[in-house]
Number of protein chains: 2
Amino acid sequence: MEKSTEEVYALQLDNQDTLAGFRERFVIDDPDLIYLDGNSLGRLPQATVPHLQDVVKNQWGKDLVRGWNRGWFEKPGQLGAKLADLIGAEPDEVLVCDTTSLNLFKLTAAALRFRVDRSILLSDEFNFPSDLYVFQGVIELLGNKHRLKLLKSEDSITIGDQRIQDAITEDTALVALTHVAFKSAFMYEMESVTKLAHQAGALALWDLSHSVGAVPLKLNEWQVDLAVGCTYKYLNGGPGAPAFLYVRKDLQNQLIPPIWGWFADQSPFDFNLDFTPAEGISRFQISTPHILSMMGIEPALDILLEAGMGHLREKSIQQTEYLIYLAQEWLNPLGFQLGSPLDPIQRGSHVSLRHPEAYRICRALIDPLPDDSSLRVIPDFRAPDNIRLGIAPLYTTYSDIHRALNRIKTILEDGIYQEYSKKQLKVT
Amino acid sequence: MEKSTEEVYALQLDNQDTLAGFRERFVIDDPDLIYLDGNSLGRLPQATVPHLQDVVKNQWGKDLVRGWNRGWFEKPGQLGAKLADLIGAEPDEVLVCDTTSLNLFKLTAAALRFRVDRSILLSDEFNFPSDLYVFQGVIELLGNKHRLKLLKSEDSITIGDQRIQDAITEDTALVALTHVAFKSAFMYEMESVTKLAHQAGALALWDLSHSVGAVPLKLNEWQVDLAVGCTYKYLNGGPGAPAFLYVRKDLQNQLIPPIWGWFADQSPFDFNLDFTPAEGISRFQISTPHILSMMGIEPALDILLEAGMGHLREKSIQQTEYLIYLAQEWLNPLGFQLGSPLDPIQRGSHVSLRHPEAYRICRALIDPLPDDSSLRVIPDFRAPDNIRLGIAPLYTTYSDIHRALNRIKTILEDGIYQEYSKKQLKVT
């Protein structure tokens, strides 16, 4: 089968796709709505619909408060144990709880207080701004004893190990990075960077929001200390589904959480007046889990575990390579530039295409065009000039990619984007 | 109609109840399951079932990431504005977000840093232990510059204003109390205590978890500075529904939140590398709201607003008075003691009955008894000896109260509780 920009080639790739059947596990009522934003909000699994209905009608409606004795209390740990499988951790090293920012706050504050003798928190400029805000807030809250040092990257795409090695010093308390960058999809070599941190006596904290469910992770094998991540992107857990945190087993009892919550107490139902942190991962909980939002996660996790991260990564690489091939053939001549690493080893599961008119092109993609009343594409825009296209191999088809890239080509060739305002809406 | 312990009297009261029709707005499939734990987890409103189904199937399933531009982003503020009506606040003084403990953490830390020149955080021993844990954690996190002073109450029921007046000094930074105590239902006179705090130059922070939706609140009129509260108790928002926070308008821009989240930034979609807190109440958000859990709150709030807090409070007082009357007639002779204030002005919407065998009596109440295969009562137990009976006037009937108290009487008279183990399960 020869590589080609023809549609027939995309259809051939779909026919050969051994994971193709997983697409049916998702609610997809409009095949002409091409969804390339699963890295922002994953699709709704079919199984989640009756599951959530049962949670509402039976667990809340009928079990009422007894729901807490029938599994709700254990959910953060139980889902954590299941998620641990996906990220190469032990079941008692992971909790599903709170939000990514909040978990980052908890682990960053705990780590900086643990390494209070060192002053540097090292991160990078292409990290999620939300993560940088959390770091800035923690440093201020702890009395400005630490300083945030940011690795720079001119092109926000690649960064060499040598530069990281130089940046990590004997004064580095914590290296806190996002594994896959939200704009470019640049992916750090987690194992070697963690090793560099350890060699200097620092802890390593990874934000896995754009890598969990997208690339295989082996936190234990790579000796990662701390991690946080999101469940509503590639994990398909639902809008605002609780996030997760990971703390390496032997560190758990050495760290003091900054927020002392009832669920973190050793014996919450004794109603003691003084807080005593629980042993183990439980001390990183805060309080009552958001049950409805929490319950959307499990059916979604089950699908990922069934498909297997190895297979998903293989398809993800094939699909991002295909996308980049089409972009090079069709879009580079129209003024586009690849905003993601060319080498798949350095790339997560999305591809950014850069163009000065990226925002208006995104607006045009979301609307049906005059020549074809049904086809629409949902990408997302990241300032200043990125069209971010997310590949979710559980449900993205090669044909989706072909149609989407072809649509971008048409929008450029026909100047359709010029009909759209430059005024920006909020976009996630 | 003469007061009596006969069932017919309860039925008469139900017939005369102008709020009786609201019971039909809730999913109640088993009239023989008497639910007196709405102060722990409120019942499921009928309207919430299709609403949540729409959120899952249409908003998540079809709108996908566009849901954020179709109302999700605004939910914390929009629901906050609605809730403001219930608590006597302005629309831009309330946010629905995070958990009660987390909101308490945010406001306590912000208040102590605002009044850093004063060293005392004043609370009481009958506050939620979860609140005390948060206070202890904040104090430790801020470097032990403050000290937690707890008002004591021998009987955990009443506490005089004089004792509070003596406890609040020129060194008090923050008076942080729970309006209605979780065990005894003792209710502080919020306005006068707030005034005492202000006279000494301290701020006042109230936890409204057991009062919102149960008693009328006038935060603005009472000049309250800060408040937090829960939406899954009397508000019927669903298990683990996001909590709320209130910050008095003119204080908002003076307080620095301890967690710097993306949703608290002035312009989150500019993706600036440095955090700038938003003006107003938004700065107290953290990050992505838990949409599914958040969406259960609105239909529930609408019911409460329709019924009106004045009417609900009137019925609540009548019902707790009736419950106490039956307890005095039937249960005091069997070794029970009232664990709540006798004066309704000092009492919230639940009643605690104390008995040395409270735990086993609770276990027996939850099971059907041999003489009547269907009747069961869900109270909850609070160590060491409280049976807590919650009155939710939207759906609790006088007949419910009669049958429940009668059942407790039978369990005692027939010694049925003795068949139950003393080993405690978790109970919320």
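The values are calculated or read from the model by the stated rules, or taken from the named source; none is laboratory data. None of the values given here were measured: they were computed from a predicted structure. Here Cβ is always computed from backbone atoms with ideal geometry, including for glycine, and neighbour counts include all displayed protein chains.
Annotations for the structure displayed:
- First in segment A:241-255 and within 30 Å of B:Leu292 (Cα to Cα), second anywhere and modelled with pLDDT of 95 or more and acidic (Asp, Glu), Cβ under 7 Å, 6 or more apart: A:Pro242/A:Asp98; A:Ala243/A:Asp98; A:Tyr246/A:Glu93; A:Val247/A:Glu93
- So A:Arg347, is it within 30 Å of A:Glu221 (Cβ to Cβ) and more than 8 Å from chain B (Cβ to nearest Cβ): yes
- Odd one out for B:Ala89 among (1) more than 19 Å from B:Lys195 (Cα to Cα); (2) out of contact with any Asp or Glu (no Cβ under 9 Å at 6 or more places or on another chain); (3) touching a residue at least 60 places away in the same chain (Cβ under 8 Å): (1)
- Put simply, of B:Leu219, B:Leu235, B:Leu255, B:Leu273 the only residue that is more than 8 Å from chain A (Cβ to nearest Cβ), over 25 Å from B:Gly308 (Cβ atoms) and either not in a strand (DSSP E or B) or not acidic (Asp, Glu) (or both) is B:Leu255.
- Residues (surrounded by fewer than 18 Cβ atoms within 10 Å (Cβ to Cβ), part of a loop (DSSP other than H, G, I, E, B) and of a type in the set (Asp, Glu)) located in segment B:338-384: B:Asp343, B:Asp367, B:Asp371
- Residue within segment B:302-312 that is in contact with a Ser or Thr (Cβ under 8 Å, 6 or more places away or on another chain), at pLDDT 95 or above and under 26 Å from A:Lys423 (Cβ atoms) present: no
- Checked against the criterion of being buried (at least 16 other Cβ atoms within 10 Å of the Cβ), in the same structural domain as B:Leu208 (by TED's automatic domain parsing) and either under 30 Å from B:Ala264 (Cα atoms) or in contact (Cβ under 8 Å) with a residue 24 or more places away in the chain (or both), the candidates B:Gly61, B:Gly42, B:Gly80, B:Gly38 yield just one match: B:Gly80.
- Test result for A:Glu140, in the same structural domain as A:Phe244 (by TED's automatic domain parsing) and under 17 Å from the mean Cα position of the chain (by Cα): no
- Within segment A:205-216, restricting attention to residues that are in a loop (DSSP other than H, G, I, E, B) and farther than 14 Å from A:Val96 by Cα, the residue that is farthest from the other protein chains (Cβ to nearest Cβ) is A:Pro216.
- The listed residues are A:Asp14, A:Asp29, and the only one of them that is assigned to a loop (DSSP other than H, G, I, E, B) and in the same structural domain as A:Asp400 (by TED's automatic domain parsing) turns out to be A:Asp29.
- B:Met187 meets all of the listed conditions (1) more than 10 Å from chain A (Cβ to nearest Cβ); (2) closer than 30 Å to A:Ser153 by Cβ but one, namely (2).
- Selection status of A:Val228, modelled with pLDDT of 95 or more, in a strand (DSSP E or B) and closer than 30 Å to A:Arg23 by Cα: yes
- Here the condition is being touching a Ser or Thr at 6+ places or on another chain (Cβ under 8 Å) and within 14 Å of chain B (Cβ to nearest Cβ); of A:Ser282, A:Ser316, A:Ser287, A:Ser340, it holds for A:Ser287 alone.
- Some residue of segment B:39-58 being facing another protein chain (nearest Cβ under 8 Å), over 30 Å from A:Tyr35 (Cβ atoms) and in contact with a Pro (Cβ under 9 Å, 6 or more places away or on another chain): yes
- Within segment B:238-252, restricting attention to residues that are more than 10 Å from chain A (Cβ to nearest Cβ) and not in a strand (DSSP E or B), the residue that is surrounded by the fewest Cβ atoms within 10 Å (Cβ to Cβ) is B:Asp250.
- Residue check, B:Asp265 at pLDDT below 95 and surrounded by fewer than 24 Cβ atoms within 10 Å (Cβ to Cβ): no
- Unique match (being at pLDDT 95 or above, closer than 16 Å to A:Gly38 by Cα and either of a type in the set (D, E, K, R) or in a strand (DSSP E or B) (or both)) among A:Arg403, A:Arg388, A:Arg407: A:Arg388
- Residues of segment A:279-327 classified as buried (at least 17 other Cβ atoms within 10 Å of the Cβ), of a type in the set (Gly, Ala, Ser) and farther than 30 Å from A:Asn253 by Cβ, total: 5
- Put simply, of A:Asp161, A:Asp171, A:Asp117, A:Asp124 the only residue that is farther than 25 Å from B:Ile139 by Cα and over 25 Å from the mean Cα position of the chain (by Cα) is A:Asp171.
- Subset of segment B:275-326 (residues that are more than 17 Å from the chain's Cα centre (by Cα), farther than 19 Å from B:Leu83 by Cβ and touching a residue at least 60 places away in the same chain (Cβ under 8 Å)): B:Lys315, B:Gln318, B:Gln319, B:Tyr322, B:Leu323, B:Tyr325, B:Leu326
- Residue in segment B:94-114 that is away from chain A (no Cβ under 13 Å), in a loop (DSSP other than H, G, I, E, B) and farther than 17 Å from A:Ser287 by Cβ present: no
- Criterion violated by B:Asn69 - all others in (1) within 14 Å of chain A (Cβ to nearest Cβ); (2) assigned to a helix (DSSP H, G or I); (3) modelled with pLDDT of 95 or more satisfied: (3)
- Restricting attention to segment B:115-139, the residues that are surrounded by fewer than 24 Cβ atoms within 10 Å (Cβ to Cβ), more than 9 Å from chain A (Cβ to nearest Cβ) and of a type outside the set (S, T, N, Q) total 7.
- B:Leu86 vs. criteria facing another protein chain (nearest Cβ under 9 Å) and under 16 Å from the mean Cα position of the chain (by Cα): no
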